[in-house]
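**Student:** Following this message is one structure expressed as C-alpha cells.
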Amino acid sequence: MKADADKCIACKRCFPYCPMGRIQTFKRHEKIPGRVYIEIDQERCTDCGVCLRANICPVKALYQPETPWPREVRSILSNPLIEFKGSQVPGRGTEEMKTNDVSGRFRPGEVGVGIELGRPGVGAYFRDVEIVAMELAPLGYEFAEENPITHFMTDKKTGKLREDILNEKATSAIVEGKCKLEQLPVILEAIKRAAQKVSSVFTVEVITKVPLEGEIPVKPVLEELGYWYSINTKNNMGLGEPPFKFYEE
Ligand code: SF4
Ligand code: SF4
C-alpha cells in the first residue's frame, strides 16, 4: 500500500486501522513548502488492504500499486478478499481446519495440526514459515493440498519453499496438514525445535474428531507431554451434511 504524497494531508486517520501498527512515518513534501505527508514502510506493510477498505482517507490518498511477484504473495496471504489462483482459496488457509464436522478431512486416528505463524503487529516472514515446514516434512506430516503455503513448496518431501518468497512477509500464514495420532508427539517436538529458530510468534492447532463416547483422542497425548491447551469445538448444526459417517465405517 502507498499514500500519494501529493494528496495526503497527514491527518493520521488511517493509522489505527493498520494491523501492522504505526508503520507510517511523516515526511516533508519536497516541492510544497510546509506540506507534510505520510509514507508507508514498504518492508513492514503486508498489503492486507485494511486501510484502503476502511475508506476513511478524506482525500483518497491511499492506493494499492501493482505488486509484481514475489511481493504479490503478501496480499495473497494477508488480504482475505484475494483468492490465490493456485489453490482457489482466499486468505491464509483452508476453512476445513475448522469445519471437519462436515468435510471429514481428518478421519478417526488422524490429527489435524496447524501452525499459525505471525500476528497483527508482528507478521511472519516466509523464511520462518519454511523453517516450520522443513521440520515437519520428514516426519510423515501430510501437508494440506489446498493451502497456499503448500503451493509455494518446491518439494513437499522436504517442505522447502520457493526461494523468491523467503524474504517476503504476511500478517500471518498457516502451515496446515495432518498426521496419525501416534505421530503427534514427534510432530509436537519438531514444532518445539522450530520455535527456537523462528523470529515470529505462532500458535499450534491440534484438531481431532471427538467420538460420541469416550475421551478426546489427543487429550492424553497433550497431557503427557505437558502442553497447555484450550478446548474449542466446531459443531455441525445441520447446515451441512457430512458426506459419510465417521464412526460406523
Ligand atoms: S495495507 Fe495493511 S499493512 Fe499496509 S498500511 Fe494498509 S493496513 Fe497497514
Ligand atoms: S488518512 Fe489519508 S490523508 Fe490521512 S494520513 Fe492517511 S493517507 Fe494521509
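The values are calculated or read from the model by the stated rules, or taken from the named source; none is laboratory data. Since this is a predicted model, take the numbers as computed values, not measurements. Glycine also receives a Cβ, built like all others from the backbone with ideal geometry; neighbour counts cover every protein chain displayed. Just so you know, the surface numbers come from the protein's heavy atoms only, side chains and all, with ligands and any DNA or RNA stripped out. Shrake-Rupley method; radii C 1.70, N 1.55, O 1.52, S 1.80 Å.
**Student:** Out of the residues in the range 176-218 that are part of a loop (DSSP other than H, G, I, E, B) and among the polar types (S, T, N, Q), state the one that is nearest to ALA124 (Cα to Cα).
**Tutor:** SER200
**Student:** Write out, first by first residue and then by second, each pair whose Cβ atoms fall under 9 Å of each other, whose residues are 6+ apart or on separate chains, and whose first residue, in the range 125-136, is touching a residue at least 40 places away in the same chain (Cβ under 8 Å) and open to solvent by less than 40 Å² (accessible area, probe 1.4 Å) while the second is assigned to a helix (DSSP H, G or I) and not aliphatic (A, V, I, L, M).
**Tutor:** From the range 125-136, the pairs are ALA133/THR150; GLU135/ARG193.
**Student:** Working only within the range 29-48, note down all residues that are within 14 Å of ligand 2 (Cβ to nearest atom) and within 20 Å of the chain's Cα centre (by Cα).
**Tutor:** CYS45
**Student:** Hey, another quick one. Go through the range 63-86 and count every residue that is open to solvent by 20 Å² or more (accessible area, probe 1.4 Å) and in contact with a helix residue (DSSP H, G or I) (Cβ under 7 Å, 6 or more places away or on another chain).
**Tutor:** Here the count works out to 6.
**Student:** Now for a different question. Go through ILE165, ILE187, ILE149 for me and flag whichever is over 19 Å from GLU110 (Cβ atoms), open to solvent by less than 10 Å² (accessible area, probe 1.4 Å) and over 13 Å from the mean Cα position of the chain (by Cα).
**Tutor:** Going through ILE165, ILE187, ILE149 in turn, the sole match is ILE165.
Per-residue answers, yes or no, for (1) more than 30 Å from ASP164 (Cβ to Cβ); (2) free of Cβ contacts under 8 Å to residues at least 40 places away in the same chain; (3) not in a loop (DSSP other than H, G, I, E, B):
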position	(1), (2), (3)
LYS12	yes, yes, no
PHE26	yes, yes, yes
ILE32	yes, yes, no
ASP47	no, no, no
LEU52	no, no, yes
CYS57	yes, no, no
PRO68	no, yes, no
ARG74	no, no, yes
LEU81	no, yes, no
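**Student:** Hey, another quick one. Which pairs turn up if I take residues in the range 146-159 that are in a loop (DSSP other than H, G, I, E, B) and look for partners that are basic (Lys, Arg) with beta carbon separation below 7 Å, at least 6 apart in sequence or on another chain?
**Tutor:** Pairs found: PHE152/ARG162.
**Student:** Next question, about the same structure. Tally the residues that are of a type outside the set (A, V, I, L, M, F, W, C) and over 14 Å from CYS51 (Cβ atoms), restricting the search to the range 8-29. Please lay out each step first, then the result.
**Tutor:** Narrowing the range 8-29 to residues of a type outside the set (A, V, I, L, M, F, W, C): 12-13, 16-17, 19, 21-22, 24-25, 27-29.
Pick out the ones that are also over 14 Å from CYS51 (Cβ atoms) and you get 25, 27-29.
Number of matching residues: 4.
**Student:** Could you check how many residues of the range 14-28 are loosely packed, with under 15 Cβ neighbours inside 10 Å and under 29 Å from the mean Cα position of the chain (by Cα)?
**Tutor:** So the answer is 5.
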